[in-house]
Every structure is written in structure tokens, then in C-alpha cells.
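Remarks on the structure that follows.
Bear in mind these aren't lab numbers, they're just calculated from the coordinates by the rules spelled out. Not measured: the values here are computed from a predicted model. Glycine gets a Cβ as well: all are built from the backbone with ideal geometry, and neighbour counts include every protein chain shown.
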Amino acid sequence: MGKVRFGLVGTGRITDWVLRGAVMDSRFEAVAICSRSEERGRAFADSHGIPKVYTDIERMCDDPQIDAIYIGTPNHTHADIAIRCMRRGKHVLCEKPLASNAREAEKMVKVARENGVILMEAMISTLSPNFRKAAQLVEKAGPVRRYVASFCQYSSKYEALKRGEVASSFDPLCSGGALMDVGTYTIWPMVALFGEPERISPHIMTYDIPGHGLTDLQGSVEFTYPGFNATVFYSKIADSFILTEISGEGGNILLDKVHICRRLTWLPHGAPASGRGKDPQPQDLTCPPEKDEYLCEWSEFIDCVLQGRESAVNTPDRSVAVMRILDAVRRNAGMKIAVTGQ
Ligand SMILES: NC(=O)c1ccc[n+]([C@@H]2O[C@H](COP(=O)([O-])OP(=O)(O)OC[C@H]3O[C@@H](n4cnc5c(N)ncnc54)[C@H](OP(=O)(O)O)[C@@H]3O)[C@@H](O)[C@H]2O)c1
């Protein structure tokens, strides 16, 4: 069985999280970590049993023992790091959102294809087994009349923001904000299932961070598709337990969470109801839990690298389509879209 040898970029919490899933795929091997600080890189390497430490991305890319790079750094750095790695022949698994804006994302996809390497956004929602099963039910539920998705999570970084500390996930200078951080999880499945909408109507709560500019704290966006509507809610300043639902004339698909779906329910449409009708009987179609929730995105990426093909689910073209929507919403809210030179 082939192995894919990885270099990882960034020693933050997310690299630690996703590694726990990665190591469960026996084809995964962590060869190196790249940090801006030798000390942080060494500490991370020691605690995860990673043999090499780099402090320079170019030097890591020149390492012939590395096949692929995982990018776990703030959003505004994704395009630059990914492009440098792909130009040196490395495959790239990049954290969400793929880039700061659609133009950067398009360039990343172009560079990947020109260099014959795989580029995949680490968007877990669409790769989770329960979402994949939900996708298979959409035809049965159709014609679809509504998609509603919600990801609202009170962020510990919001507490810090109130104290005047600006985490990258909120910082517009790092292409942060609620839409880029959590809203994208509600939009990605919609684009994967239905493509790009005809119309976008956002309602965004923005906040001006002194010296950084306008960020967004939460929002709701209404989308128009031929024959149906979609609505997404996202927030970093309040929790919500609204289910995600795809409703159609044939039935309803319920996902407990759109970020990582842990419970999938199917409700077949009964006889047309007129007030005294019986409720449909819910069917629990939840897949057995995986060994680790992040395993699915690593296995998909490793499959793609070993088979020399783009992901059929997290396609680069979908990443660009999602970025176009994220750009449109932010522009509508008067937010500046960071330009990082790519
Ligand atoms: N998939 C998920 O569930 C999930 C969850 C959270 C976040 N994310 C994504 O993961 C990425 C990182 O988010 P985060 O909140 O972890 O970010 P972060 O804490 O601000 O940064 C993560 C790491 O990136 C490196 N870094 C920071 N600033 C950098 C810069 N200007 N240039 C190069 N490297 C830099 C740092 O490592 P060194 O100091 O070692 O260089 C840092 O520890 C984002 O794209 C975010 O959207 C994904």
C-alpha cells in the first residue's frame, strides 16, 4: 500500500486536532512540521513524534521526502503558501476557506492543474459519512423546496475580542470573520448539492475593530435557486441548536449539525396534511461513528493523491464557487476583501 508523506504548516490548535484523525489512516506519514519559530516547531514535533522541523516553507518544499503539504495557518496565508508548495510539485490539503477571495482561489486551482498536483480544501462537512448519505437521499426528497443550514457557536475568541485581543478568526486583515470561519460550513454543502444560487440576499452584523477594519460577527443569508429557497444562519457570538434541513415534496432530510453531522434522520412525506393528519415517522439513518471525525478528509485526500485525481466531492471548482459567494456576501456587507498579492 502506498504512503503519502506530509509536511504540516502551522503549530496551532487545528493542526493538533486534525492530526488525530490523520494518524488513523495507515497511509499517512508526518515527516515534517513548519513553524515560524524553531522553538514552537520543535515542541510540536516532539509532542507528535514528527522527525523534522522547518522554519522556512521554501526549504520544506525542497525536501524530496515530502509528497504533500497540509496548511493549517490563517486564511490570508493560504494562497501564498499553497502556490509556493504546488509550484515545487507538492500536493496541498488546505484548511477552509481555501483563500482570501475567489481570485486567489482560481489562481490556486490553475497552479495545481498546471503542475499536475492535487489541491483539496479541508472542508469536513461534505466528506462526513452522514452528509454523503444525505446527498444520496436528495433525489428521493425532491423536488427540493428549501435548504436551511445553521452553524452558530459562541466563540472563546469573542471573549478575547471584547478584551481587545484580535484572533485571526475575527481579524479582517487575516481574512477572518464569522462568514469565513463558520458561515462557509453552511454554504459548502449547499453548493455541493445544488450548485451556485441565482440570487444572494445577506443580512450581516458587522463590527468595526479599531485599527483592523470591519469584521462580521454573525449573519443570515437567503439564496434563490430555481424552484426553491435556501437560508443559512451563522454566528460566532451566540449558540444555536437549529437543525439543518433539506425539505422537498418527497420528504425531509434532517442533519443535527452541518459542520460535522452526527445524526441523520429521514422523514418521508405522508399524505397531504390538513391539520389533523399524522406526523411522518422519522427514520434514523445515522452512519456508525468513525474512529475520528477528521479521518474522512484525510482519507479522501490521500485517495486522490494516490489515484492521481481531484476529489469528486470537495472539488477545486466548488471551492472557487463557494469563495465567489463569500466574496459577494462580504462585499454586500461593506467589508473589505483582503488582497494578499496572489
Ligand atoms: N477544520 C476545522 O475544524 C477548523 C477549525 C478551526 C480553524 N480552522 C482553519 O484553520 C486555519 C487556522 O486557524 P487558527 O484559528 O488555528 O489560526 P491561528 O491560531 O491564528 O494560526 C494557526 C497557526 O498558523 C501559524 N501562523 C499564524 N500566523 C501566521 C502567519 N501570518 N503566517 C504563517 N503562519 C502563521 C502559527 O503557527 P507557527 O507560530 O508555528 O508558525 C499558528 O499557530 C484557518 O484557515 C481556519 O479557518 C479549521
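Brief remarks on what is shown
- Residues (within 19 Å of the chain's Cα centre (by Cα), acidic (Asp, Glu) and either farther than 30 Å from ARG88 by Cα or assigned to a helix (DSSP H, G or I) (or both)) located in the stretch 98-132: GLU104, GLU106
- Residue within the stretch 12-22 that is within 22 Å of LEU306 (Cβ to Cβ), of a type outside the set (S, T, N, Q), away from the ligand (no atom under 12 Å from the Cβ) and surrounded by fewer than 20 Cβ atoms within 10 Å (Cβ to Cβ) present: no
- Criterion applied to ILE69, ILE83 was being away from the ligand (no atom under 12 Å from the Cβ), in a strand (DSSP E or B), in contact (Cβ under 8 Å) with a residue 40 or more places away in the chain and within 28 Å of ALA321 (Cα to Cα), and the one residue passing it is ILE69.
- Yes/no for LEU285 being among the hydrophobic types (A, V, I, L, M, F, W, C), farther than 23 Å from ILE209 by Cα and in contact with a strand residue (DSSP E or B) (Cβ under 7 Å, 6 or more places away or on another chain): yes
- Leading residue by the ranking (nearest to ALA160 (Cα to Cα)) among those in the stretch 234-246 that are in contact (Cβ under 8 Å) with a residue 24 or more places away in the chain and either out of contact with any helix residue (DSSP H, G or I) (no Cβ under 7 Å at 6 or more places or on another chain) or among the basic types (Lys, Arg) (or both): LYS236
- Residues in the stretch 311-329 that are assigned to a loop (DSSP other than H, G, I, E, B) and in contact (Cβ under 8 Å) with a residue 40 or more places away in the chain: SER311, VAL313, ASN314.
- For MET190, the conditions (1) farther than 17 Å from ILE325 by Cβ; (2) without any contact (Cβ under 8 Å) to a residue 60 or more places away in the chain; (3) hydrophobic (A, V, I, L, M, F, W, C); (4) away from the ligand (no atom under 11 Å from the Cβ) all hold with the exception of (1).
- Filter result for ALA135 (hydrophobic (A, V, I, L, M, F, W, C), part of a helix (DSSP H, G or I), surrounded by fewer than 17 Cβ atoms within 10 Å (Cβ to Cβ) and within 13 Å of the ligand (Cβ to nearest atom)): no
- Test for ALA141: is it more than 28 Å from ARG59 (Cα to Cα) and in contact with a Leu (Cβ under 6 Å, 6 or more places away or on another chain): no
- Only one of the numbered conditions (1) assigned to a loop (DSSP other than H, G, I, E, B); (2) within 13 Å of the ligand (Cβ to nearest atom) is not met by PRO197, and that is (2).
- For the stretch 149-185, taking the residues that are among the aliphatic types (A, V, I, L, M) and within 28 Å of ALA230 (Cα to Cα), the one that is farthest from the ligand (Cβ to nearest atom) is identified as ALA149.
- Filtered residue count, the stretch 227-254, keeping only those that are in a loop (DSSP other than H, G, I, E, B) and either over 16 Å from VAL191 (Cα atoms) or among the hydrophobic types (A, V, I, L, M, F, W, C) (or both): 10
- Top-ranked residue of the stretch 280-305 - restricted to ones that are in contact (Cβ under 8 Å) with a residue 40 or more places away in the chain and under 14 Å from HIS91 (Cβ atoms), ranked as farthest from the chain's Cα centre (by Cα): VAL305
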